[in-house]
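As structure tokens, the structure follows; a few thoughts come after it.
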Amino acid sequence: MLLLFQALEEQMYAIAYANLCKVMCPIKVEYTSGDGKTKQTNFRRMLLTKCQREFEKDKKDDKSLKTMQKEIESAETVNMGCGNCKI
């Protein structure tokens, strides 16, 4: 959704984008689902679904970030141990 990404990129226009979303909420939108069928929903539902997916993606990124931090810490510990062996 271009509107969502623009709102995130251009935060100084957030109020204008929010008003635009408010006006567009009842508009019916057709889309193609994963199984290839054409379905119809309203703009509000599409916007909420997209926001939920972005939120969940950020949560997954947090989990992977914590995993990466643990890996870095363990690698630093190994590197410190190797340095101690050389001394």
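If you filter region 68-87 down to residues that are of a type in the set (A, V, I, L, M, F, W, C) and either part of a helix (DSSP H, G or I) or at pLDDT 70 or above (or both), you find that the one that is farthest from the chain's Cα centre (by Cα) is Cys85. Of everything in region 33-48 that is in a loop (DSSP other than H, G, I, E, B) and within 24 Å of the chain's Cα centre (by Cα), the residue that is surrounded by the most Cβ atoms within 10 Å (Cβ to Cβ) is Ser33.
Considering only residues that are touching a strand residue (DSSP E or B) at 6+ places or on another chain (Cβ under 9 Å) and modelled with pLDDT of 90 or more, which ones fall in region 44-67?
At the first step, the residues of region 44-67 found to be touching a strand residue (DSSP E or B) at 6+ places or on another chain (Cβ under 9 Å) are 45-46, 49.
Residue satisfying the conditions is Arg45 alone.
Scoring Ala14 on the criteria (1) surrounded by 11 or more Cβ atoms within 10 Å (Cβ to Cβ); (2) in contact (Cβ under 8 Å) with a residue 12 or more places away in the chain leaves a single failure, condition (2). Scanning region 20-32 for residues that are surrounded by 11 or more Cβ atoms within 10 Å (Cβ to Cβ) and under 16 Å from Gln6 (Cα atoms) turns up Leu20, Cys21, Met24.
The values are calculated or read from the model by the stated rules, or taken from the named source; none is laboratory data. Quantities reported herein were computed from a predicted structural model and do not represent experimental measurements. Here the Cβ is made from the backbone with ideal geometry for all residues, glycine too, and neighbour counts use every protein chain on show.
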